[in-house]
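To start, the structure under review is shown below, and the notes come after it.
The values are calculated or read from the model by the stated rules, or taken from the named source; none is laboratory data. Worth saying up front: this structure is predicted, and the values here are computed from it rather than measured. Every residue, glycine among them, receives a Cβ derived from its backbone with ideal geometry; neighbour counts consider all protein chains shown. SASA here: full protein model, heavy atoms, side chains in, ligands and nucleic acids out. Shrake-Rupley method; radii C 1.70, N 1.55, O 1.52, S 1.80 Å.
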Amino acid sequence: MRRLPTLVLLIASCAMLALAARAQYFGQNKVRHKTLNFEVLKTQHFDIYFYPEERAASVEIGRMAERWYARYTKLFHHVLTTRQPLVLYASHTDFEQTTVLPGFISPSTGGVTTAIGRKIVLPLAGSLAADDHVLGHELVHAYQYDMTLSRGSPIPLVSRLPLWFVEGMAEYCSLGPRDANTAMWIRDAVARDTFPTVKDLGNPNKYFPYRYGEAFWAYVAGRYGDDKIAPMLLDAARAGNVDAAIQAVLHVSAKQLSADWLQASEAKNRPVLQATEAVAPAQVLVAAKKNEASLNVSPALSPNGQWVMFFSERGVFSIELFLANAETGQIVRQITSTAIDAHFNNLEFINSAGAWASDSNRFAFGHVEGGNAYVSIYDVAQNRVVHKYLIPGAGEVFSPTWAPDGRQIVVSAIEGGQTNLYLLDLSNGAVRKLTNDNYAELEPAWSPDGKQIAFVTDRFTADLSDLSHGPYRLALLDVASGAVSAIPTAGRGNQINPQWSPDGQSLYCISDTSGIPGIYRLPLTGGAAPEQLTNLQTGVSGITALSPALSVATGTGAIVYSEFSDNNYSLVRLSPQAAPVPSATASLHPALLPGRTSDTGEVATYLGNWQDGLALAANFTTEPYHPGLELDYIAPPSVSVGVSNFGTLLGGGTALHFSDLLGYQNLTVAFESLSSSGAAGFLNNLSASGLYTNERHRWTWGIGGGQTPFVSGSVAAVTGVINGRPVAQTQEVTQWQLDRQVVGVLEYPFSRAQRIEFTAGFENIGFAAEQRTNLVDLVTGSTVASREESIPAPPGLNFAVGSAALVYDTSIFGGVSPIRGQSYRLQAGGNAGSIDFATALADYRKYLGVTNSLSLAGRVLTFGRYGSGAGDPRMQDLFLGYPSLVRGYDFNSFSPQECGPSIETTGACPVLDRLIGSKIGVLNLEARLELTGPLGVLRSPQIPPIELAPFFDAGTAWTAAIKPDFLGGSRRPVTSEGLTLRANLLGFAVVSIDYAIPNNRPLKSHVWEFSFLPGF
């Protein structure tokens, strides 16, 4: 009798069956700090989802949305095929907890439009102009997606196009041809002789897609007309190629268009560059460094001129707060570490700067923690935050400013989608509003005598009746009476970021009245005219056109500002005695993007017309939001065909995803079946799962279940003679192990880093078997007889299962491994039923940075089964030798020679058996050196990250009967050391190649291992 090798088939391509697996083993939490009770505001073309806090703002958004709809319907010659959903949040803090979008929301994300479902999701920004721009920008994406949908796919064709093409179009259509901020970027590229071609725009690390994309569309529309935008979009989407669309619509090659664009940009900007000046190197206080500290913004000078606090990305993994010497520019210390600190969720680095008390020791800054807005006071001498004050009701807090006596702080804060000024009493933490209106109130600055507060507002240029808006202006608030008055302007354009002179007789500010953002001095008495103090080639700027970028020391008059140049932001000094400079650029219109000589065209025209399309609020209706599941998408069906010892294999499967519009409820159903000609039935070969989750509140709960079949088989053959003829009898046995599970899960996040998880459910492991017997005539090859029958199988196993886990994670993932922070998982669980046992898991990991490219990593892990059924032979043993645990001991690397003579007599293999048990303990140490990638020794953002890591591994496995030596038993641990090479495969996977030297395998000097695993 001859037995053939066992065939094992795993039918588990859709095995999401254990709902406990829904929760990540580690991973940070997207916390829903408060339950938002959404309603639906219905306009003619929009369904606007809002909650009571933002009711008034939602009506304004509805009116503006209809105005944009009228504009874009004409511009794109397209009517949206369905009503447009628009989900509003009252602040960025609320936006960050959205369930409409998966994953985490960056503080720099101003809005998102989903490709599937065409949902616009955005936070209110607190000013009419900012809300109108973001709304117009995102609605362009809705048109792009709707116009390029194709049959048979839920993904619009425009998704194939480069980011600069898509985002640049949205920026141009919502901002128009005049944009001082984008013009600054283009002027900088001309000055550095790095102006891009159309092909170059595909490098987003070098050419910011929003700014350069906007400039591209401004040029194309200016030269060829705004009516070319829609045909360009359609042709590019169909072809999946921008160059082809340029040729087809503009009748010019991409190469020639690039040359023409460069020529127009040179002609536009060279005269401006000749009429302005570059910053002298001696003036630079904190210089930008490419790939490491290219962003240095929002400076805040101490009153005595000794210190400057600012935001910088020199923290590598996030933008953090830094303290520097204001005389030398030397970095003194990093103040915050938000990337690995669960307490600071958002430092408001885009729209805010901090402020110093008059003692030049206490520093106030705004931030968000746990869904609430705070003002924290940092003490330089003590090097710690000494106080933290809650701003009740506010979603975000910006730009604190101290009273001269150090007893009070005024901030700008957003509540209900609107910004106002708030007064914080430091003695008791009491907060009261100083303003309460629908206008923007931003960037307050308290006067040296304590009687007035200067701030930025749109109250003098905005009209709430037609929702028109103009440039930002400066205003004065009288602290005693609350009266607000206008400050004389520096001319047309925005005036932002007011700073007082030490004597209180004038204000400094940033204005783009000349078309280039610069510093101006505004005398408040005597009727003197505003004075321009800078004449820069690029401009005084923060991250956005409205970001604070200027600071004046109220004690010494010293001035520091952030300047954009060479594609970076540096901090620059300006002498308090700086003489006024003549304005020589206004007539050159620096803010007008190349491609035209005036504000002409359809886009410029509709941006100046506030009435067309503006809807009446009286026509809107409101109704409750009722979440209901609807089909989002169907995964493309899969079909598989193969041949095995059991005959022809045929299989297939698909998955369906359902959700409600706000993403509160999600249901995924998946199934696959793989059957052979000898298989019993469809149900035994069906792998299926269903998973429902509810994320309505801070508690997340869900339930799911399904079946996963594990199929194995064997073939036996024997020959003989029947009636004088030679025959062969074969027996094919197919066996099924059917894992069926119904599990519920409950999660509660304490913070971004920490959560608790609970699971409970029922699991059944069933068995089935089938035997096919064939009798074959060996002379003729014909089948003499065949019989198929079910045969006895082991009885099924039934368990009640449950677990609880405490999880913490602040780790930061580098290119292929975690490299900063720490994480742990403490878990206890148990099974009760056919086999009774408990489980316990403790997994702690720590990552320390040595340099940007080098980190140290360590892990301590133990897992085990305990109780009467812990060693039951029906349970699979735990094995230490996986590459993810102890390297150098992979099961497939062992040979019979390593087992010794016992393998022949008793079947034992001591060198392998020591790796098996019902409990394991593991220690791993690595030094991780990134060779390439953004953090590599060879800094290369375009090359996928590669990491080299020397390692040391140790581990032991034991049972209740065979204990480890540290518990008084005889089993000793195994160890190994070696070198691991990991590479990121273009973001799809991490491949790991290990060269391991196992110290407890005398006959094996080294082992090569290959796996698709990131570092622990």
When the label point is put 7 Å from the Cα of Ser108 along its Cα-to-beta-carbon vector, which residues of the stretch 209-230 have a backbone N closer than 18 Å? 209-215
Compute the length gained on full extension between Asp227 and Asp478: take 0.36 nm times their separation in residues and subtract their Cα-Cα distance, giving the result in nm to one decimal. 85.3 nm
Using θ = phi - 60° and the Karplus relation 6.51 cos²θ - 1.76 cosθ + 1.60, list the HN-Hα couplings for the stretch 990-1004 in order, rounded to whole Hz, with x at every Gly or Pro. 10, 9, 10, 10, 10, 10, 10, 10, x, 7, 10, 10, x, 8, 10
Karplus ³J(HN,Hα) for the stretch 404-410 (6.51 cos²θ - 1.76 cosθ + 1.60, θ = phi - 60°; Hz, whole; x = Gly/Pro) runs x, 7, x, 9, 9, 9, 10
In degrees from 0 to 90, rounded to the nearest 10, what is the angle of the helix 209-224 Cα long axis to the longest principal axis of the chain? 60
Let me test this: with uniform point scatterers at the alpha carbons of the chain, what is the Debye-based log₁₀ I(q)/I(0) at q = 0.05, 0.07 1/Å? -0.40, -0.74
So how far apart, in nm, are the two label points at Lys42 and Lys206 if each is 7 Å from Cα heading toward Cβ? 5.3
Please tell me which of these pairs span more than 27 angstrom C-alpha to C-alpha: Lys199/Lys290; Lys289/Lys388; Lys74/Lys255; Lys846/Lys919; Lys206/Lys268? Lys289/Lys388; Lys74/Lys255
Between 0 and 90°, nearest 10: helix 163-175 axis offset from the chain longest Cα axis: 30
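Tell me, what is the percent relative contact order of the chain, built from C-alpha pairs under 8 Å that lie six or more residues apart?
Details: 2586 pairs, mean separation 104.9, N = 1016.
Once normalised by length, the contact order is 10 percent.
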Give me, ordered by chain and number, the residues 5 or more places off Ala394 or on other chains with an amide H under 5 Å from its own placed amide H. Ala373
Would you mind checking the tilt of helix 180-191 against the longest principal axis of the Cα atoms of the chain, expressed as 0 to 90 degrees and rounded to 10? 80
Per residue of the chain, what 222 nm ellipticity follows from adding -39500 (n - 2.57) for every DSSP H run with n ≥ 4, rounded to the nearest 500? -4000 deg cm²/dmol
Percent carbon-and-sulfur accessible area, the chain, ignoring ligands, DNA and RNA, probe 1.4 Å: 57
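Take the chain, mark every one of the trypsin sites (Lys or Arg not before Pro) that falls in a DSSP loop and has at most 10 other Cβ within 10 Å, then report the longest stretch left between them, sites excluded. Kindly include the intermediate steps, with their values, before the conclusion.
Details: sites that count: Arg151, Lys290, Arg874.
So the longest stretch without any such site is 291-873.
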What share of all Cα pairs of the stretch 872-1016, in percent, falls into each consecutive 5 Å distance bin? 2, 9, 17, 18, 17, 13, 9, 6, 4, 3, 1, 0
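Compute the length gained on full extension between Asn1000 and Ala635: take 0.36 nm times their separation in residues and subtract their Cα-Cα distance, giving the result in nm to one decimal.
On the way: separation 365, 0.36 × 365 = 131.40 nm, distance 4.80 nm.
So the chain would gain 126.6 nm between Asn1000 and Ala635.
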With label points built 7 Å along Cα→Cβ from the Cα atoms of Asn764 and Arg972, find their separation and express it in nm. 5.0
